[in-house]
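The values are calculated or read from the model by the stated rules, or taken from the named source; none is laboratory data. Note that the structure is predicted; figures quoted are calculated from it, not measured. Quick reminder, even Gly has a Cβ in these numbers, built from the backbone with ideal geometry, and neighbours come from all protein chains shown.
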Amino acid sequence: MTHTTPAPVIYLSFPGTAREALTFYADIFGGELMLHTYEEFSRTDGPGQAIAHGMLLGPVSLAGSDAATGQKTVRMEGAMLSLLGTADADVLREWFDKLAVDGNVVDPQLKSHGEPATGRSLIVTACIGSLGMSIERPGKLVS
């Protein structure tokens, strides 16, 4: 199957949690998840069952792998990824609700007519937080 993805697609190096993280996002966003192990790629710089390359292709695309021995893992501050425009308001709310489980929802604001506020969306900070990065996971939509 041929896939086209919007560019750029974020690629993250996980601290041994790539399978869990990418599966989590596939469960939330849907799409096709492909996972390939170090063993499949004949790599010897990490455990054989670690993920050498994983990619989620769908309404939200995301890629990553388990960091090789000595490779740095993802750390992020001051960054947001926006999901606005990737789905209608009902789907965005559903995604937010799933991402917010075990998160710290600061202020889940919506405009009075039920549509998400336009502009920057902190919904994705919930997404980033659940990747295992050490950040708070706010849910406020800011106009």
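Of the residues that sit in region 47-62 and are out of contact with any strand residue (DSSP E or B) (no Cβ under 6 Å at 6 or more places or on another chain) and small (Gly, Ala, Ser), which one is surrounded by the most Cβ atoms within 10 Å (Cβ to Cβ)? Outline the logic, then answer.
Kept after step one, since they are out of contact with any strand residue (DSSP E or B) (no Cβ under 6 Å at 6 or more places or on another chain), are these residues of region 47-62: 47-48, 58-61.
This time we only want the ones that are small (Gly, Ala, Ser), so: 48, 58, 61.
Numbers: Gly48: 13, Gly58: 16, Ser61: 21.
Here the residue is Ser61.
The rows are residues; the columns are (1) modelled with pLDDT of 90 or more; (2) among the charged types (D, E, K, R).
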residue: His53; (1), (2): yes, no
residue: Leu56; (1), (2): yes, no
residue: Leu62; (1), (2): yes, no
residue: Asp97; (1), (2): no, yes
residue: Gln109; (1), (2): no, no
residue: Gly114; (1), (2): no, no
residue: Gly119; (1), (2): no, no
residue: Leu131; (1), (2): no, no
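Output the residues belonging to region 7-38 that are loosely packed, with under 15 Cβ neighbours inside 10 Å and charged (D, E, K, R).
Glu20, Asp27, Glu32
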